[in-house]
There are 2 protein chains.
Amino acid sequence: MKKLPLNKAFTLLEPGPVVLVTTHDGLQSNIMTISWTMVVDFTPVFAITTGPWNHSFAAMRKTKECVIAIPTVDLLDKVVGVGTCSGTDTDKFAKFKLTPLPASQVKAPLIKECLANIECRVIDYNKKHSIVILQGVAAWVDAARKERRMLHAVGDGTFIADGRKLDRRQAMRAKLPAGV
Amino acid sequence: MKKLPLNKAFTLLEPGPVVLVTTHDGLQSNIMTISWTMVVDFTPVFAITTGPWNHSFAAMRKTKECVIAIPTVDLLDKVVGVGTCSGTDTDKFAKFKLTPLPASQVKAPLIKECLANIECRVIDYNKKHSIVILQGVAAWVDAARKERRMLHAVGDGTFIADGRKLDRRQAMRAKLPAGV
């Protein structure tokens, strides 16, 4: 994985992909599949909806750390598998043959097979709406990876792969943050 | 526009599309382009990041209403146009030849040219992180529309169109809400 400048990390979540979120509770690592995420600030700050119904939530609250990993189309069945079993009784890294890599600033692992990984610290939690606020502190991309199409969950059991790319950089220039 | 059951409305935002958000301040309607959105609950509840830097924010706070409209690939230049000018000095419906339609439960208009529209009420506001919480109260889809591919903003001035659809309904069945 190659370091991605932090000011570009929001571009990994802005398109709205399904993501894998890793945690490490001090004893073991876990992964959950999440599609309810949002960029909140360019620095970057992210919001994700999660709560006690996810086994990972306890570790995230306790350690105040996680990694957001971005899977691609070729990983769909692992993404669905991770999302349909629980860390209470499953070592998901082993079961789905995903490889944990040490992160630089948090104990939660990166996922080697993913396109990108964002190390995050929990900076706030809105209990009423189950929204966790995350500050991205380091970001990594697999620059050599050929398959780069992200996945989008529809919510009815179907998914959509990234299609055609459309360039409107010139028209958008005035609205883009510096250096992106 | 044909009514969409409310329990399916979250599937319009879960894939992470760029959306148009309309408001009506009592005098006139406005539109903003937003890609920082998230599903928070299936009922549906949504979160969007916005604040005083958007002209529409004042109307949204005052009226506690808005409509989330879902544009498709063919509307990209209108989406970019709406996102790069301000309602302070522009009638965006007129400038971008978008057609306001009366909504059923809010004064903010639906957008006729869009694939779908979700009427929303503002139910909470997290000022610290500029997150507005919206309850969807009615949803509409243009069932006759041929172009149905949504758009995803990358955040660097490029956009990605929906590509291939992948069906994992069987594997996901246990995790899906009833009736979706």
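Since every read-out is calculated from the coordinates, none of them should be taken as a lab result. Worth saying up front: this structure is predicted, and the values here are computed from it rather than measured. When we count neighbours, we look across all protein chains shown, and the Cβ atoms used for this are built from the backbone with ideal geometry, even at glycine.
Here are a few things to note about the model shown:
- Between the range A:125-147 and the range B:116-180, the alpha-carbon center distance in angstrom: 19
- Overall, the ratio between the Cα radius of gyration of the range A:1-104 and 2.2 N^0.38 Å, rounded to two decimals, is 1.05.
- Under a 5 Å amide H cut-off, with hydrogens placed 1.01 Å from N, A:HIS55 pairs with A:GLY87 among residues at least 5 apart or on other chains.
- Using the Karplus relation 6.51 cos²θ - 1.76 cosθ + 1.60 with θ = phi - 60°, the per-residue 3J(HN,Hα) values for the range B:78-89 come to 6, 4, 5, x, 4, x, 10, 9, 10, x, 5, 10 Hz, with x marking Gly and Pro.
- Computed from backbone phi with θ = phi - 60° and the Karplus coefficients 6.51, -1.76 and 1.60, the 3J(HN,Hα) list for the range B:43-57 is 5, x, 10, 10, 10, 10, 8, 7, x, x, 6, 9, 4, 5, 4 Hz; x is used for glycine and proline.
- Note: relative contact order over chain B, using C-alpha pairs below 8 Å and six or more positions apart, is 27 percent.
- Between B:ARG149 and A:SER104, the simple label model (points 7 Å from Cα in the Cβ direction) yields a spacing of 3.6 nm.
- FRET efficiency for the pair B:ARG169 and A:CYS85, taken as 1/(1 + (r/R0)^6) with r the Cβ-Cβ distance and R0 = 22 Å, rounds to 0.80.
- Computed over the range B:96-137, the P(r) tail beyond 16 angstrom holds 48 percent of alpha carbon pairs.
- Nonlocal amide H pairs with B:ALA138, under 5 Å, H built at 1.01 Å: B:GLU119
- Under Karplus coefficients 6.51, -1.76 and 1.60, residue-wise ³J(HN,Hα) of the range A:161-168 in Hz, glycine/proline x: 7, 3, x, 5, 8, 10, 9, 10
- For chain A, diffusion coefficient by Stokes-Einstein and Kirkwood Rh (Cα), 4 °C, 1.567 mPa s, µm²/s: 78
- Think of the protein assembly as shown as a dipole: +1 on every Lys or Arg Cβ, -1 on every Asp or Glu Cβ, centred on the Cα centre; then among B:VAL45, A:GLY51, A:THR72, A:THR72 lies furthest on the positive end.
- Amide H contacts for A:ALA103 (H built 1.01 Å from N in the peptide plane; partners 5 or more residues away or on another chain; cut-off under 5 Å): A:LEU110.
- Principal axis box of the range B:116-180, alpha-carbon based, largest edge first, Å: 39, 37, 27
- All C-alpha to C-alpha distances of the protein assembly as shown, sorted into 20 Å bins beginning at zero, yield P(r) values of 31, 59, 9 percent in whole numbers.
- Proxy reagent accessibility, fewest Cβ within 10 Å first, across A:THR23, B:THR33, B:THR22, A:THR158: A:THR158, B:THR33, A:THR23, B:THR22
- Exposure proxy ranking, count of Cβ atoms within 10 Å, fewest first, for A:ILE34, A:ILE48, A:ILE123, A:ILE68: A:ILE123, A:ILE34, A:ILE48, A:ILE68
- Taking other Cβ atoms within 10 Å as a rough exposure proxy, A:MET1, A:MET38 sort from fewest to most as A:MET1, A:MET38.
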